[in-house]
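J.: Pasting a structure here, questions to come.
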Amino acid sequence: MKKRVVVWGTGNVGRPAIRAVLAHRDLELVGVIVSDPAKLGRDAGEIAGVARAGVQATADWRGLLQRLQPDAVVYAATADTRGAEAFMELLGCLEAGVNVVSTAFYPLLYPECGLEAAVAPVREACRKGNSSVFVSGIDPGWAMDILPILASGVVADIHEIRVQEVFNYALYDQPQVVREVIGFGQGMAQLPRMLEDFSLKMVWEPMVRIMAAALEYPLDSVETYVERRALEQAVDVPGMGVFDQGTQGAFRFEVRGIRNGVTRLVVEHIARIDDRCAPDWPYPPQGQGCHQVLIKGSPDLVISVHGHDAIEPGPAGGGNGSAANRIVNAIPAVCAAARDSVAAGYPAHYRGGADAGLTLS
């Protein structure tokens, strides 16, 4: 029997999620939930840029879940700018007995280091609904956790594992998030929400902790580092408007896993709104965006990942598509998981490292 799936949200992750469900041999798309009145009643396939799917978009999520009783919801709606509302929608799905996979809800990326005030209600909702939830998708998830874990198995005498996003956010079709959360175009005197120590640890520390847990390498502490640069000239970004000279034009941050006073595991971002800003910082090997795994050891290893989506071209489309595909492909496992489950962001068989001889000196 195919698992009956509803996709909630038709933005950057929701569109490729629809395509992924339609292409999956073990899944059936039965519903799509939208908030944009212009999308109400439209066919899901049309919204996702493929052939008609025979599924019409609706805003009545409670009625849809009650009527269809799906096996799973792909929650792809944004939670960055509507956190409380999104969290209540998640609880509503789980309490209704519907399993959830999502790219939102940062405290659930790795529940062992998540905010207990957020994790506890989710566990209770899973218990009430006999349901499970799996959250992944940060930059775009697999490239920042399971890929470095896998790659560690082909390197000996490891001294540092660094996972890196290098990206031009002019390509990211989320103007409100780019300006209000990430802070491009804001004054340099104002530290944007994304770069606050609390935010960095909430969103990216789980990636560091996942690697540490999988490699069985306890850390002494996790620290953050932020550096920012101002635009030297105004830039007009199509679809986003003008970013003024002197406002934030680039930043880089690191979330560092420390052991015995030495940085061993690092999640790093190098982000720009204009490629001319911060020219002394690293650029992608090609194009305007990539994800990389850099391991110092024997040998030194560099893996650079570029995704291309034929329907939504560009590095943003490739990254969004791979993030969506990971959670969609996880649906059968999430549905089969033990009930009352808040899954960690990596498969259990990666625990202990990919190779019995792995060392992180």
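J.: Hey, got the dipole for the chain? About the Cα centre, +1 on K and R Cβ, -1 on D and E Cβ, debye to the nearest 20? Numbers along the way, then the final one.
T.: Working: 32 positive and 41 negative charges, 198 e Å.
That gives a dipole near 940 debye.
J.: May I pose another question? Along the three principal axes, how long is the stretch 52-91 when you take its alpha carbons, biggest first, rounded to the nearest angstrom?
T.: Cα extents, longest axis first: 31, 23, 17 Å.
J.: Which loop GluC sites (Glu not before Pro) in the stretch 199-254, with loop taken from DSSP, have no more than 16 other Cβ atoms within 10 angstrom of their Cβ? Mind showing how you got there, number by number?
T.: Numbers: sites: Glu216, Glu223, Glu227, Glu232, Glu254; in loops: Glu216, Glu232.
Filter output for the stretch 199-254: Glu216, Glu232.
J.: Turning to a different aspect of this structure: How large is the Kirkwood hydrodynamic radius of the stretch 116-165, counting all unique pairs of alpha carbons, in Å? Walk me through the intermediate numbers first.
T.: On the way: mean 1/r = 0.0733 Å⁻¹.
Result for the stretch 116-165 stands at 13.6 Å.
J.: Under 5 Å between amide H atoms, partner at least 5 residues away or on a different chain: which partners does Arg42 have, H built in plane at 1.01 Å?
T.: Hits under the 5 Å cutoff: Ala57.
J.: Exactly which trypsin sites (Lys or Arg not before Pro) in the stretch 255-332 are in a DSSP loop and have at most 14 other Cβ atoms within 10 Å? Provide the component values of the computation, followed by the final result.
T.: Values: sites: Arg256, Arg259, Arg264, Arg272, Arg276, Lys296, Arg326; in loops: Arg276.
Of the trypsin sites (Lys or Arg not before Pro), the ones in loops of the stretch 255-332 whose Cβ has at most 14 other Cβ atoms within 10 Å are Arg276.
J.: Over the Cα atoms of the stretch 77-173, what radius of gyration and what Dmax do you get, in Å?
T.: Gyration radius and largest Cα-Cα distance of the stretch 77-173: 16.4, 49 Å.
J.: Once every Cα of the chain carries one equal point scatterer and solvent is ignored, give the base-10 log of I(q)/I(0) from the Debye formula at q = 0.07, 0.08 Å⁻¹, two decimals.
T.: Taking Cα atoms of the chain as identical point scatterers yields -0.30, -0.39.
J.: Something else about it: Could you give the C-alpha radius of gyration of the stretch 1-155 expressed as a fraction of 2.2 N^0.38 Å, taking N as the number of residues it contains? Please list the in-between numbers first.
T.: Numbers: Rg = 15.9 Å, N = 155, 2.2 N^0.38 = 15.0 Å.
Against the empirical 2.2 N^0.38 Å value, I get 1.06 for the stretch 1-155.
J.: List the trypsin sites (Lys or Arg not before Pro) within the stretch 1-59 that fall in a DSSP loop (any state other than H, G, I, E or B) and whose Cβ has at most 14 other Cβ atoms within 10 Å. Can you show the working numbers first?
T.: Numbers: sites: Lys2, Lys3, Arg4, Arg19, Arg25, Lys39, Arg42, Arg52; in loops: Lys2, Arg25, Arg42, Arg52.
Those that pass, being in a loop and sparsely packed, are Lys2, Arg25, Arg52.
J.: Related question: Pop out the Kirkwood hydrodynamic radius of the stretch 1-80 from its pairwise C-alpha distances, inverse of mean 1/r, in Å to one decimal.
T.: One over the average 1/r among Cα pairs gives 12.2 Å for the stretch 1-80.
J.: Could I ask something else about it? Taking only the alpha-carbon positions of the stretch 191-315 and ignoring solvent, what does the Debye formula give for the base-10 log of I(q)/I(0) at q = 0.13 Å⁻¹?
T.: Evaluating at q = 0.13 Å⁻¹ gives log10 I(q)/I(0) of -0.68.
J.: Another one. For every helix of n ≥ 4 consecutive DSSP H residues, a contribution of -39,500 (n - 2.57) applies; sum these over the chain, divide by its total residues, and give [θ] at 222 nm rounded to the nearest 500 deg cm²/dmol.
T.: Values: 9 runs with 95 residues, N = 361.
Here the helix-only value at 222 nm equals -8000 deg cm²/dmol.
J.: Roughly how many percent of the accessible protein surface of the stretch 141-201 is carbon and sulfur, given a 1.4 Å probe and a whole-percent answer?
T.: Numbers: 1310 of 2330 Å².
Heavy-atom surface of the stretch 141-201 belonging to carbon and sulfur, 1.4 Å probe: 56 percent.
J.: Ok, one more. Which translational diffusion coefficient, to the nearest whole µm²/s, is obtained for the stretch 191-249 from the Stokes-Einstein equation, given a Kirkwood hydrodynamic radius over C-alpha pairs, 20 °C and 1.002 mPa s?
T.: Working: Rh = 14.2 Å.
For the chosen part, D equals 151 µm²/s.
J.: What accessible area per residue, rounded to a whole number of Å², is obtained for the stretch 92-244 using a probe radius of 1.4 Å? Intermediate values should be presented prior to the final figure.
T.: Numbers: 5950 Å² over 153 residues.
Result: 39 Å² of accessible area for each residue.
J.: Bin width 10 Å, origin at 0, all Cα-Cα pairs of the stretch 245-345: what percent of pairs per bin?
T.: In whole percents, the pair-distance histogram is 11, 28, 33, 22, 5, 0.
J.: Give me P(r) over the stretch 53-119, computed from all C-alpha to C-alpha distances, binned every 5 Å, as integer percentages.
T.: The distribution over the stretch 53-119 is 3, 15, 25, 27, 16, 8, 4, 1, 0, given as percents.
J.: Mean-square fluctuation check for the chain, GNM, Cα pairs under 10 Å: which of Gln292, Gln248, Gln66 is largest?
T.: Judging by the Gaussian network model, the answer is Gln66.
J.: Gap in Å between the Cα centre of the stretch 153-204 and the Cα centre of the stretch 250-278?
T.: The stretch 250-278 and the stretch 153-204 have Cα centres spaced 8 Å from each other.
J.: Averaged over every viewing direction, what's the projected area of the C-alpha convex hull for the stretch 126-275? Give it in nm², one decimal, please. Working shown, then result.
T.: Numbers: hull surface 46.5 nm².
Dividing the Cα hull surface by four gives the mean projection, 11.6 nm².
The values are calculated or read from the model by the stated rules, or taken from the named source; none is laboratory data. Just so we're clear, the structure is a prediction, and the values are computed from it rather than from any experiment. Don't worry about glycine lacking a Cβ; one is built from the backbone with ideal geometry, like all the others, and counts go over all protein chains shown. Ligands, DNA and RNA are stripped out before the accessible areas are found, and what is left, the full protein with its side chains, is counted by its heavy atoms. Shrake-Rupley method; radii C 1.70, N 1.55, O 1.52, S 1.80 Å.
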